[in-house]
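What follows is a single structure, written as structure tokens, with notes after it.
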Amino acid sequence: MQRLVLLSYFEPKDVGNLLAQVRRARLPADVAVYVGSYGPNPGVAWQVAELANGRYAPMFALTEEWYRQRRRLPPEYAPLIPKRLDGEVPPLRRLGSTSARVAWGVELGARYRDAIRGAADEGVQVDAWQFDEVVPSAAAAGSRAIRELTRGVLRGLLFGRPVLGDVSMRGFVWVAHSALAIARLPITAELTTFWRTLDRAALAYVGEEYPRFDGDARTVARRCASGQRALAAGGPVRRVLGRRYVPGLTPGYDARANLGGNVHHWPRAQVNAWRATYVQERARSGVGGFAEYEFRFGNRLPIVMHDVLSALSAAFSSRSSGAAVRRTRPPRGAR
């Protein structure tokens, strides 16, 4: 797996500060830096293109109403696409068959690619996409409906609309913390198709660990690696995805229940020490990259950005993230 950093969710006005801190952190030369927030933004993309090893990767939310409302294509493209799925994406409860769920998922993913194509028409280089997210309910054994919709979305994102000239493009698939248990579900024909689609679409499988800065950081890091271990203990496709697992973290100064972070309001030095220990331990577990989500509110301060990028740079530069790092392996005889 290519070594990478993924930086997501920020206001466009703050991207200059974020990229300045990337440069200041002096990440190793072989680390690709993917940057993107929700929806394509040409101004952001052009700034990212000026960054050494910079890659632009806009983000798309499964629940975003804008894309669900209707298909939006330039008039000259509209006649090339059947109108059957050009309206509002129905609620999941109204999609009564696998074929309907997958078809509407493909259409929704293709609408995300429509936005990427529109940006490309403005001269924007888009290198990958981000999908937010495999939702918690997908990890329930009886929740094949949401998994079928999701696999359709991933297919639509991967292939877009070939009739309009889209070529395959892989991206980052974010997986909610409570959805990481999906890798432990007993395999079925439906789950086999889900995992194969996800593997084909994903540059990386981003597990939303979002640890609370609390307790012993090494112990917390090992506990939060459970999603990575679940993939490594699964079948062949899950093991491959496990080798592309990336921990999803957050800077910590917007300490909400679903984001963890600096819940005890520690001083900066204590936060930095805890974070550094956590990322070093996760690097030792064999990950090839790190994702940081939400550079807003308290996380948008340049000093916070600096501290985060410095910790990641140190983790990449240490011997623990080099060629001799211990890889997470499945138990002997695992499916």
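The values are calculated or read from the model by the stated rules, or taken from the named source; none is laboratory data. Everything numeric in this text was worked out from a predicted model, so none of it was measured. All Cβ positions, even for glycine, are placed from backbone atoms using ideal geometry, and neighbour counts span all protein chains on display. Each accessible area value is taken on the protein alone, full model and side chains, heavy atoms only, with ligands, DNA and RNA left out. Shrake-Rupley method; radii C 1.70, N 1.55, O 1.52, S 1.80 Å.
Quick notes
- Theoretical gain in end-to-end length, residue 184 to residue 214 [0.36 nm per residue, Cα-Cα removed]: 8.1 nm
- J(HN,Hα) series, the stretch 73-86, from Karplus relation 6.51 cos²θ - 1.76 cosθ + 1.60, nearest Hz, glycine and proline x: 10, x, x, 6, 8, 3, x, 7, 10, x, 7, 4, 10, 8
- Accessible area (Å², 1.4 Å probe, nearest 10) - residue 192: 40 Å²
- Here the Karplus relation 6.51 cos²θ - 1.76 cosθ + 1.60, evaluated at θ = phi - 60°, turns the backbone of the stretch 292-301 into coupling constants of 10, 10, 6, 9, 10, 6, x, 7, 8, 5 Hz, with x for every Gly and Pro.
- Amide H within-cut-off set for residue 212, under 5 Å, with H built and near neighbours excluded: 261
- Sequence-separation-based contact order of the chain, relative, with Cα cut under 8 Å and 6+ spacing, percent: 19 percent
- Long-range HN-HN contacts of residue 59 with modeled amide H, under 5 Å: 37, 38, 39, 130
- Summary of packing: across the peptides 199-211, 122-134, the per-residue average of other C-beta atoms within 10 Å ranks them, highest first, as 199-211, 122-134.
- Projected label distance in nm at residue 240 and residue 76, using a 7 Å step from Cα toward the beta-carbon: 3.8 nm
- Convex hull projection area averaged over all views, the stretch 24-72, Cα basis, nm²: 4.6 nm²
- Under Stokes-Einstein, with the Kirkwood radius over Cα pairs as Rh, the value for the stretch 218-321 at 37 °C and 0.692 mPa s is 229 µm²/s.
- Using a Förster distance of 51 Å, the FRET efficiency for residue 97-residue 303 (Cβ separation, nearest 0.05): 0.45
- Residue separation of residue 193 and residue 140 scaled by 0.36 nm, minus their Cα-Cα distance, works out to 17.5 nm of gained length.
- Surrounding net charge for residue 226, when Lys and Arg each add one and Asp and Glu each subtract one, Cβ distance under 13 Å: +3
- Ranked by the mean number of other Cβ atoms within 10 Å of their residues, highest first, the peptides 171-179, 85-93 come out as 171-179, 85-93.
- Once backbone amide H atoms are built at 1.01 Å from N, residue 234 has 239 as its partners under 5 Å, excluding neighbours fewer than 5 places away on the same chain.
- Pairs of Cα atoms farther than 22 Å apart, the stretch 1-142, %: 49 percent
- Summing charges over all other residues whose Cβ lies under 11 Å from the Cβ of residue 185, with Lys and Arg as +1 and Asp and Glu as -1, gives +3.
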